[in-house]
Amino acid sequence: MLTFDHVYFYYKKGQPIIDDISFTIRTGEFVSIVGANGSGKSTVAKLIDGLLLPRSGTVKLHQLDTAKPADLDEIHQQIGFVFQNPEDQFITTTVMDEVLFGLQNIRVPREEMRGRVDAALRAVQMEDFLEAMPHQLSGGQKQRVAIASILAMQPQVIIFDEATSMLDPQGRKQVLSIMHDLHRQGMTIIHITHHMEEALTAERILLIHGGCLQFDGDPLTLFETVAITDYQLQLPFTVRLHKILQLEKPLAVDWKEGIRSQWSIN
Amino acid sequence: MVYQLNNVSMNYSLRMALRNVSCTIEEGKWISIIGQTGAGKSTFVQVLKGLIANIDGDYLIDQYPVKRDAKGQLMVIPEIGFVFQYPEHQLFETTVFKELSFAPKQLGLSSTQITERISKILPQLGLTEDILPLAPFQLSGGLKRRVAIASVLMMEPKLLIVDEPTAGLDPVSKAALLQLLKKWQQQENRTIIFVSHQMEDVAEYSDEVMVFHEGHLMGQLDTCTLFLEQSHLLEKIGLSLPESVQFLKIVEELSGEKIKVSSCREQEIFEKVLPLWRARGLQNV
């Protein structure tokens with residue numbers, strides 16, 4: 001369980017970036033964090049990971065407190081971070097070394113390493129690329145290697161910070177599908193995104209605006225009840241379609257079958 | 001100005017990035033470049049700007065070959081502006097005014113000429129003069145991006161290449177930026193080359209689309225022709241149609257009627273499909 005309790009954060013006193021945010025994310029949840037540029041989403045992510053510390057309030061992963069230096073190592077191991085641009089985190093010359101690097105740093109026993117690398121690469125379907133150079137892979141493949149290097153650390157929570165925004169549609173689909181696979185296996189997924197189609201696939205959405213939590217609930221309730229364009233966001237296509245056609249029931253994320261069945265009902 | 005490539009190929013050490021590409025880019029159009037990662041899109045726009053010097057084939061501007069240096073290599077084409085992904089990473093001056101003045105100063109423009117250009121370009125990007133004394137790094141992501149693009153427009157490019165210019169922007173900032181670029185392109189009768197993975201944006205803003213796959217130019221087509229009549233081209237290379245166009249096609253299939261549209265913009269598609277949808281409902285009441 002991950003808990004934000006009355007968290008404030010600022011760089012300059014009197015100008016809060018995060019202004020009294022509280023929420024709890026249960027183990028195994030898939031949560032999307034949405035909001036305009038500069039709303040505070042990435043700051044929330046950094047506070048979760050202990051990369052930033054709250055000025056007041058607490059951020060806890062179970063009983064581990066990000067404000068306690070003694071807890072930080074454990075928190076960093078339990079929470080993985082996948083960034084927008086995978087190239088920012090590549091430092092070695094082969095995919096295998098890339099995935100091994102984190103394990104060497106946390107001193108995983110040598111005999112355990114190879115098993116973890118293979119399992120992590122299998123989970124993202126990159127097991128055939130062990131000797132490949134990360135920089136020669138496609139955008140989607142690079143991001144999958146970045147995810148594998150996080151998975152090898154066996155975290156409980158993975159934060160994807162706009163991790164699909166630089167990918168082509170195929171790469172986006174692959175990465176989103178991996179997020180859902182990991183979620184089905186019980187991992188807690190936090191997905192920060194501007195793509196409302198992707199946010200719609202989450203179990204729960206947190207909408208942040210001006211450093212405050214404006215909405216915390218299920219995606220359909222957000223899109224049905226909140227004027228999200230006021231927050232610089234756009235309704236997903238399926239919701240736009242539902243509204244414009246004045247359908248009684250919302251359409252699924254994959255709206256095509258819904259349109260066909262509605263047509264036959266009409 | 002008309003830009004023309006004839007049988008242009010470009011070979012990186014391990015692979016052919018462009019294979020016999022021939023195309024003509026006319027003035028005053030918004031042309032989108034689409035294709036999977038590694039299809040040759042970035043290489044193509046870099047060749048267009050003259051950033052890749054050693055190409056095979058011919059590159060002509062207004063029917064004249066592009067200048068080459070003593071070694072026969074292509075030279076950078078100054079009248080083409082290039083906005084890279086995340087252009088705000090290139091900001092470095094202490095104020096927006098200095099940032100916008102930097103390149104024109106290198107060209108030897110006078111202070112008066114620079115001020116005139118700034119006054120013209122700021123409103124084109126939805127900016128006001130209040131922003132000039134501010135440090136670029138203080139600005140929000142969307143504003144930073146606009147300042148970075150404004151600094152390219154200060155060079156008054158005849159053709160502007162924008163490579164995923166909205167990556168990382170929230171949906172409203174993204175739409176605002178694209179609308180401003182469209183307005184600039186139409187008002188100034190300039191050409192925009194727009195590299196994008198977002199089919200909805202391609203449908204919304206483009207006059208023409210160039211489709212790349214494994215270094216080949218598979219087609220250069222009017223936007224509606226591509227999406228409505230030649231969509232097999234996209235299916236073949238694993239690209240999806242914009243969702244609004246998929247919706248149109250499903251309703252056409254269900255109704256057995258051809259729906260005439262003059263553009264592939266979502267709003268027009270909804271406007272044309274809605275009466276058919278409603279009529280269907282009424283018939284069965």
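What follows is calculated from the coordinates using simple rules that are stated; it is not laboratory data. Computed from a predicted structure; not experimentally measured. Counting neighbours? That spans all protein chains shown, and the Cβs are built from the backbone with ideal geometry, glycine included.
Some points to look at:
- Ranking of A:SER56, B:SER262, B:SER42 by count of other Cβ atoms within 10 Å, fewest first: B:SER262, A:SER56, B:SER42
- The orientation-averaged shadow of the Cα convex hull for the stretch B:78-139, equal to a quarter of the hull surface, comes to 4.7 nm².
- The protein assembly as shown - mean residue ellipticity at 222 nm from DSSP helices (-39,500 (n - 2.57) per run, n ≥ 4, rounded to 500): -11500 deg cm²/dmol
- Hydrophobic long helices, here whole DSSP H runs in chain B with Kyte-Doolittle means of at least 0.0 and Cα atoms spread over 15 Å or more along the helix axis, are found at B:141-153, B:243-255.
- Annotation for the stretch B:209-260: GluC sites (Glu not before Pro) lying in DSSP loop with at most 10 further Cβ atoms inside 10 Å of their Cβ are B:GLU257.
- Over the C-alpha atoms of chain B, the Rg to Rh ratio, Rh being the Kirkwood estimate, stands at 1.02.
- Cα-derived Rg over Rh, computed across the stretch A:131-266 with Rh taken as Kirkwood radius: 1.02
- Kirkwood hydrodynamic radius of the stretch B:31-180, Cα pairs, Å: 16.8 Å
- By the count of neighbouring beta-carbon atoms within 10 Å, fewest first, B:ASP201, B:ASP170 end up ordered B:ASP201, B:ASP170.
- Square roots of five times the Cα gyration tensor eigenvalues for the stretch B:214-283, Å: 27, 12, 9
- For B:THR24 and B:GLN186, the FRET efficiency from 1/(1 + (r/R0)^6), where r spans their Cβ atoms and R0 equals 25 Å, is about 0.75.
- Percent of C-alpha pairs per 5 Å bin, the stretch A:203-266, short to long: 4, 16, 26, 21, 14, 10, 6, 2, 1, 0
- Across q = 0.14, 0.17, 0.23, 0.32 Å⁻¹, the stretch B:242-285 modelled as identical point scatterers on its alpha-carbon atoms has Debye log10 I(q)/I(0) values of -0.30, -0.43, -0.75, -1.24, in the order of the q list.
- Distance between the stretch B:1-23 and the stretch A:54-124 - C-alpha centres, whole angstrom: 43 Å
- Stokes-Einstein D (µm²/s) once Rh is taken as the Kirkwood radius of the protein assembly as shown over alpha-carbon pairs, at 25 °C in 0.890 mPa s: 96 µm²/s
- Remark: the A:SER22-A:MET133 segment gains 35.7 nm on full extension, using 0.36 nm per residue and subtracting the alpha carbon distance.
- Couplings 3J(HN,Hα) for the stretch A:152-168, derived from phi with the Karplus relation 6.51 cos²θ - 1.76 cosθ + 1.60 (θ = phi - 60°), are 4, 7, 6, x, 8, 10, 10, 9, 9, 9, 6, 6, 9, 6, 9, 9, 6 Hz, where x marks Gly and Pro.
- Loop trypsin sites (Lys or Arg not before Pro), the stretch B:233-285 (other Cβ atoms within 10 Å of the site Cβ: 13 or fewer; DSSP): B:LYS258, B:LYS260
- If you run the Gaussian network model on chain A, springs between alpha carbon atoms under 10 Å, then out of A:ILE18, A:ILE178, A:ILE205 the most flexible one is A:ILE178.
- In units of the rule-of-thumb radius 2.2 N^0.38 Å, chain A shows an alpha carbon radius of gyration of 1.07.
- Using θ = phi - 60° and Karplus 6.51 cos²θ - 1.76 cosθ + 1.60, couplings along the stretch A:246-252 (whole Hz; Gly, Pro as x): 6, 7, 6, 9, x, 8, 6
- Charge dipole of chain B about the Cα centre (unit charges at C-beta), most positive-ward option of B:THR94, B:SER255, B:ILE34: B:THR94
- The relative contact order of chain A, computed from alpha carbon pairs under 8 Å that lie at least 6 residues apart in sequence, is 23 percent.
- For the residue pairs A:LYS13/A:LYS60; B:LYS29/B:LYS158; A:LYS13/A:LYS68; B:LYS120/B:LYS182; B:LYS158/B:LYS182; A:LYS256/B:LYS174, alpha carbon separations beyond 18 Å are given by A:LYS13/A:LYS60; A:LYS13/A:LYS68; A:LYS256/B:LYS174.
- Of the residues A:THR92, A:LEU53, A:ILE106, the one whose Cα sits farthest toward the positive end of the charge dipole of the stretch A:4-130, with +1 on the Cβ of Lys and Arg and -1 on the Cβ of Asp and Glu, is A:LEU53.
- Loop GluC sites (Glu not before Pro), the stretch A:32-137 (other Cβ atoms within 10 Å of the site Cβ: 15 or fewer; DSSP): A:GLU131
- Rel. contact order, % - alpha carbon contacts under 8 angstrom, at least six apart, chain B: 23 percent
- Test item: Cα-centred dipole of chain A, Lys/Arg +1 and Asp/Glu -1 on Cβ, debye: 300 debye
- Shown is the FRET efficiency for B:PHE102 and B:MET1, computed with R0 = 25 Å from the Cβ-Cβ distance and rounded to the nearest 0.05: 0.50.
- Assigned charges on the beta-carbon of Lys, Arg, Asp, Glu; the stretch B:242-285 dipole about Cα centre (debye): 140 debye
- Between the listed residues A:MET187, B:GLN124, B:LEU109, the Cα displaced farthest toward the positive end of the dipole of the protein assembly as shown, a dipole computed from Cβ unit charges relative to the Cα centre, is found at B:LEU109.
- Label-to-label distance, nm, for residues given as B:GLU257 and A:GLN154 (7 Å Cα→Cβ offset): 6.2 nm
- Residues B:GLU27, B:GLU200 in ascending order of nearby Cβ atoms (within 10 Å, fewest first): B:GLU27, B:GLU200.
- Each Lys and Arg Cβ is given +1 and each Asp and Glu Cβ -1; about its Cα centre, the protein assembly as shown then shows a dipole of about 460 debye.
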